[in-house]
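To start, the structure under review is shown below, and the notes come after it.
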Amino acid sequence: MAESPALAASPDEFDRRARAVTRGICRLFARNDIWVLPEMPLRNGRRADLMGLDAKGRIVIVEIKTARGDLLGDAKWPDYLDFCDRFYWGLPPELDPTCLEGPDFRPDCCGVIVGDEYDAEIVRPAPSHPLAAARRKAETERLARAALRRLVVGADAECGSWGRVAG
């Protein structure tokens, strides 16, 4: 399926669609007791669009793509797999997900979520590839510290220059 002319959009439109997909996925996850942070830096220098924990303490990462070209040109996504138990692609409804069935996108280890500003749906569940316990503990602690830092800095911006925590 070719990308529709409506998807040939400005950077502002890409941002709007990405925010819409993010909101829908966050709503889906919240109903399922999965809590995520946006834009979570990873220790390898990458930044996960969404990273969080499910009710069993498993780490979930979602990489959001709103344009076919961006999706097909993403060669960095395997770098996320070492930091999560489950990996999902997050797409808007108008983006055809069939390209994610090819071997380059390793459907054996990636789920697919389609979302808009109101809600989202898992169209392909992400298989679990459990992290080593020590890695999961380290990543969970980094995620918790980033969440706490964002909460405190949101309440008192002066605290943002204190301490040394990514996220």
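The values are calculated or read from the model by the stated rules, or taken from the named source; none is laboratory data. None of these values were measured; they are calculated from a predicted model. Note that we place each Cβ from the backbone using ideal geometry, even for glycine, and neighbour counts take in every protein chain shown.
Among what's in segment 71-91 and is surrounded by 16 or more Cβ atoms within 10 Å (Cβ to Cβ) and assigned to a loop (DSSP other than H, G, I, E, B), pick the residue that is nearest to the chain's Cα centre (by Cα).
C84
Answer yes or no: is there a residue in segment 92-103 that is buried (at least 19 other Cβ atoms within 10 Å of the Cβ), touching a residue at least 60 places away in the same chain (Cβ under 8 Å) and not aliphatic (A, V, I, L, M).
yes
Quick one: count up the residues across segment 16-68 that are at pLDDT 95 or above and among the hydroxyl-bearing types (S, T, Y).
Selection size over segment 16-68: 1.
Tell me whether segment 48-55 contains one or more residues that are loosely packed, with under 14 Cβ neighbours inside 10 Å and under 15 Å from R136 (Cβ atoms).
Looking for residues that are loosely packed, with under 14 Cβ neighbours inside 10 Å and under 15 Å from R136 (Cβ atoms), one finds at least one in segment 48-55, hence yes.
Yes or no, residue by residue, for (1) touching a strand residue (DSSP E or B) at 6+ places or on another chain (Cβ under 9 Å); (2) among the small types (G, A, S):
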| site | (1), (2) |
| --- | --- |
| D116 | no, no |
| D119 | no, no |
| I122 | yes, no |
| L131 | yes, no |
| E139 | yes, no |
| A146 | yes, yes |
| R149 | no, no |
| V152 | no, no |
| S161 | no, yes |
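For segment 120-137, which residues satisfy the criterion of being more than 15 Å from the chain's Cα centre (by Cα), in a loop (DSSP other than H, G, I, E, B) and in contact (Cβ under 8 Å) with a residue 12 or more places away in the chain?
P127, S128, H129, P130, L131
Given R68, R149, which one is buried (at least 17 other Cβ atoms within 10 Å of the Cβ), within 20 Å of A20 (Cβ to Cβ) and of a type in the set (D, E, K, R)? Step through it out loud before you land on a result.
Working: R149 fails: within 20 Å of A20 (Cβ to Cβ).
R68 is the lone residue from the list that is buried (at least 17 other Cβ atoms within 10 Å of the Cβ), within 20 Å of A20 (Cβ to Cβ) and of a type in the set (D, E, K, R).
Could you tell me which residue of segment 30-41 is surrounded by the most Cβ atoms within 10 Å (Cβ to Cβ), considering only residues that are part of a loop (DSSP other than H, G, I, E, B) and on the phi < 0 side of the Ramachandran plot? Give the steps one after another, and end with the answer.
First, pick out the residues of segment 30-41 that are part of a loop (DSSP other than H, G, I, E, B): 32-34.
Add one more test, that the residue is on the phi < 0 side of the Ramachandran plot, and what stays is 32, 34.
Details: N32: 11, I34: 20.
The residue in question is I34.
Residues of segment 42-70 being among the basic types (K, R) and in a loop (DSSP other than H, G, I, E, B), which ones? Before the answer, list the steps.
As a first pass, look at segment 42-70 and keep what is among the basic types (K, R): 43, 46-47, 56, 58, 65, 68.
Correct list: R43, R46, K56, R58, K65.
Does at least one position in segment 73-84 carry a residue that is closer than 16 Å to G24 by Cα, of a type in the set (A, V, I, L, M, F, W, C), touching a Leu at 6+ places or on another chain (Cβ under 6 Å) and free of Cβ contacts under 8 Å to residues at least 60 places away in the same chain? Write out each step before concluding.
Taking segment 73-84 first, the residues closer than 16 Å to G24 by Cα are none.
Within segment 73-84, not a single residue is closer than 16 Å to G24 by Cα, of a type in the set (A, V, I, L, M, F, W, C), touching a Leu at 6+ places or on another chain (Cβ under 6 Å) and free of Cβ contacts under 8 Å to residues at least 60 places away in the same chain.
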